[in-house]
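This report refers to the structure that appears directly beneath it.
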Amino acid sequence: MRHPLLHLESDPRGEMTHYGGLVLAQQFVRRFRVAQRLDEALVLFKRHAPYHESDHVLALAYTLYADGTCLEDQAVLQGSEAVRRLVGACRIPDPTTAGDFLRRFRTAQDIEQLSGIIDEVQEAVWSKLSGKARRRRKKHEFALVDLDGHIKPLYGVQKEGADFSYDGRWSYQPLVVSLGGSGECLRVVNQPGSARPSDAAAKALKEVLPRVLRHFRNALVRGDTDFDRCDIFNTVMDEGAYFAIGARLYPKRAALVGAIAEKDWKPFFPRAEREERGGPLRQGYTKNWRRQKAAERGFRTLRTVKQWLSEIDYQPHGLDSACRMIVRRVLIEESDGQGALFTHFRYRLVLTNLPRSYTPGQVIDLTYQRCDQENVIEQLGQGIAGWRMPVAEFMGNSAWLQTARLAWNLGKWIAQLALPREVVRWEWKRFRRHYVYIAAKVLKSGRRLVVRLAGSHRFLPDILTAHARLQT
């Protein structure tokens, strides 16, 4: 690196932008008529002077899709002539106007209308993926619907609808319903911090499962022990789907578990251990430095020694029929660095109505694959700033969550429709570096609008191919 002397000059023309990858999001919005759907169903303005509802929603979604983390970051798109040309607008709403727009959501019906529009677009994408074209989804696939909650701490005392969570934090606690595998967000419901995520789960599933079952062969609802509720079980069974949900160890259930005969316990090896046993032998051995340090300092540590599985029939209170209760017995060894102190058993329960063709081991594998939803929740906050909660009004923050859901799904939909398969699993940071951050010049040539992308970009061929696929 010789660090030569550089001479800086300013270009008065504003044709350049480093958000050249917005062409894919813009082409998707055009292909699936997202703006038209928003204007037809969402009515918040009496007069459109000069913005429509779709202008505000899509401006917020594009801001989050690019790299915005708050309302003020919308000014970056607002001040870019190239971006305005790219989306076909003479102006983009100001950040203060965007905040005023969020405050126009005053009732739950307004939020449901915005969520319903996103649902329509999602179904249109699923219909496209269900076609006969290569790389597209097939009707016989099994949908994995994951339920989980997230505590969003709030640092402002004027946040409407906030409350104290179970651990004393002033917060909201939204429910997140996602689709396993693709990571699409099926529903996000804002709630006070004092509410349990499972309080809104039955209603959310009643809205989500009919849509899912129209495009998938069947659905499996998964969740942790907070969702061990009869209203959720009944909703899933009424819709004709399956559930596999972690269960609490109540005294009655503990008595049933204690009555299981020793001969009914079958050895169980976790999936990672099974894959390691069946794979090639590891070259060399890497020490467990954490365990070694804990032993040196005399810390008490817990170690899983062995696991077993068993199954019993169990009818939860409020259900008309019995379901399967899969019991996992875990042998735990506790030591203090000088040797084992004692061992004891821990029990983990899973309630499911999956048919008997699914073995207890397969049920456990399916149930604990839902832990990937923690990555979805983390990326909703770190990837697209979905947990920002920028205004004081509860409904306004709920509308922000719906817009974040749209921005999140834009990336997932584009990846499934037009990009390589592995892109669906990428983190947003990596996705942006490859398919959003690309230098581009937006020119008007005659009656055409031409976007010239930097030829040196590593993934330019993929972007050109994706743009062509989104046009068909």
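The values are calculated or read from the model by the stated rules, or taken from the named source; none is laboratory data. A quick note: this is a predicted structure, and the numbers were derived from the prediction, not measured. Methodologically, a virtual Cβ is constructed for each residue, glycine included, from the backbone with ideal geometry; neighbour enumeration extends over all protein chains shown.
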Seminar exercise, completed: Filtering the stretch 380-392 down to residues that are of a type outside the set (A, V, I, L, M, F, W, C) and crowded, with 20+ Cβ neighbours inside 10 Å yields G383, G386
Problem set entry | Single condition K203 does not satisfy, out of (1) modelled with pLDDT under 95; (2) surrounded by fewer than 19 Cβ atoms within 10 Å (Cβ to Cβ) | (1)
For this session: Could you list, in sequence order, all residues of the stretch 22-57 that are assigned to a helix (DSSP H, G or I) and among the charged types (D, E, K, R)?
Result: R30, R31, R37, D39, E40, E53, D55
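Conditions tested, residue by residue: (1) surrounded by fewer than 19 Cβ atoms within 10 Å (Cβ to Cβ); (2) touching a Cys at 6+ places or on another chain (Cβ under 9 Å); (3) under 25 Å from V363 (Cβ atoms).
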| site | (1), (2), (3) |
| --- | --- |
| R103 | yes, no, no |
| A108 | yes, no, no |
| E112 | yes, no, no |
| E123 | yes, no, no |
| L144 | no, no, yes |
| P153 | yes, no, no |
| W170 | yes, no, no |
| V177 | no, yes, yes |
| V189 | no, no, no |
For this session: Name every residue in the stretch 1-53 that is among the polar types (S, T, N, Q) and surrounded by fewer than 18 Cβ atoms within 10 Å (Cβ to Cβ), in order of residue number.
Result: S10, Q36
Problem set entry | Conditions (1) among the small types (G, A, S); (2) touching a residue at least 40 places away in the same chain (Cβ under 8 Å); (3) part of a loop (DSSP other than H, G, I, E, B): number failed by A201 | (3)
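Of the residues V176, V208, which single one is part of a helix (DSSP H, G or I), under 15 Å from the mean Cα position of the chain (by Cα) and aliphatic (A, V, I, L, M)?
Values: V176 fails: part of a helix (DSSP H, G or I).
The match here is V208.
Residues in the stretch 382-415 that are assigned to a helix (DSSP H, G or I) and at pLDDT 95 or above: how many? Steps first, answer last, please.
Narrowing the stretch 382-415 to residues assigned to a helix (DSSP H, G or I): 382, 394-415.
If we keep only those that are at pLDDT 95 or above too, we end up with 394-415.
Residues that pass the stated criteria total 22.
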Problem set entry | Yes/no for A259 being exposed (fewer than 10 other Cβ atoms within 10 Å of the Cβ), more than 21 Å from D148 (Cβ to Cβ) and either free of Cβ contacts under 8 Å to residues at least 40 places away in the same chain or in contact with a strand residue (DSSP E or B) (Cβ under 8 Å, 6 or more places away or on another chain) (or both) | yes
Exercise. Which pairs do you get when a residue that is touching a residue at least 40 places away in the same chain (Cβ under 8 Å) and within 30 Å of I463 (Cα to Cα), found in the stretch 1-22, comes within reach of a residue that is of a type in the set (K, R) and part of a strand (DSSP E or B), reach meaning Cβ atoms under 7 angstrom, with the pair 6+ apart or on two chains?
Worked result: E15/K441; M16/K441
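Being among the charged types (D, E, K, R) and closer than 24 Å to E273 by Cβ narrows it down to one of R328, R356, so name that one. Walk me through it before giving the result.
Working: R356 fails: closer than 24 Å to E273 by Cβ.
The conditions single out R328.
For (1) without any contact (Cβ under 8 Å) to a residue 60 or more places away in the chain; (2) out of contact with any helix residue (DSSP H, G or I) (no Cβ under 6 Å at 6 or more places or on another chain); (3) crowded, with 20+ Cβ neighbours inside 10 Å, each residue gets a yes or a no:
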{"position": "E378", "(1), (2), (3)": "yes, yes, no"}
{"position": "Q402", "(1), (2), (3)": "no, no, yes"}
{"position": "I414", "(1), (2), (3)": "no, no, yes"}
{"position": "V423", "(1), (2), (3)": "yes, no, yes"}
{"position": "Y435", "(1), (2), (3)": "no, yes, yes"}
{"position": "V450", "(1), (2), (3)": "yes, yes, no"}
{"position": "L470", "(1), (2), (3)": "no, no, yes"}
For this session: Could you list, in sequence order, all residues of the stretch 352-381 that are over 22 Å from K306 (Cα atoms) and outside any loop (DSSP other than H, G, I, E, B)?
Result: T352, R370, D372, Q373, E374, N375, V376, I377, E378, Q379, L380, G381
For this session: Report whether or not E275 is over 23 Å from H344 (Cα atoms), charged (D, E, K, R) and either modelled with pLDDT under 95 or surrounded by 14 or more Cβ atoms within 10 Å (Cβ to Cβ) (or both).
Result: yes
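Give me a count of the residues in the stretch 437-448 that are of a type in the set (D, E, K, R) and either touching an Asp or Glu at 6+ places or on another chain (Cβ under 6 Å) or in contact (Cβ under 8 Å) with a residue 40 or more places away in the chain (or both). Full working, then the answer.
The initial filter retains those residues of the stretch 437-448 that are of a type in the set (D, E, K, R), namely 441, 444, 447-448.
From what's left, either touching an Asp or Glu at 6+ places or on another chain (Cβ under 6 Å) or in contact (Cβ under 8 Å) with a residue 40 or more places away in the chain (or both): 441, 444.
So the count comes out to 2.
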For this session: Would you mind stating whether G183 is part of a loop (DSSP other than H, G, I, E, B), closer than 26 Å to E427 by Cβ and out of contact with any strand residue (DSSP E or B) (no Cβ under 7 Å at 6 or more places or on another chain)?
Result: yes
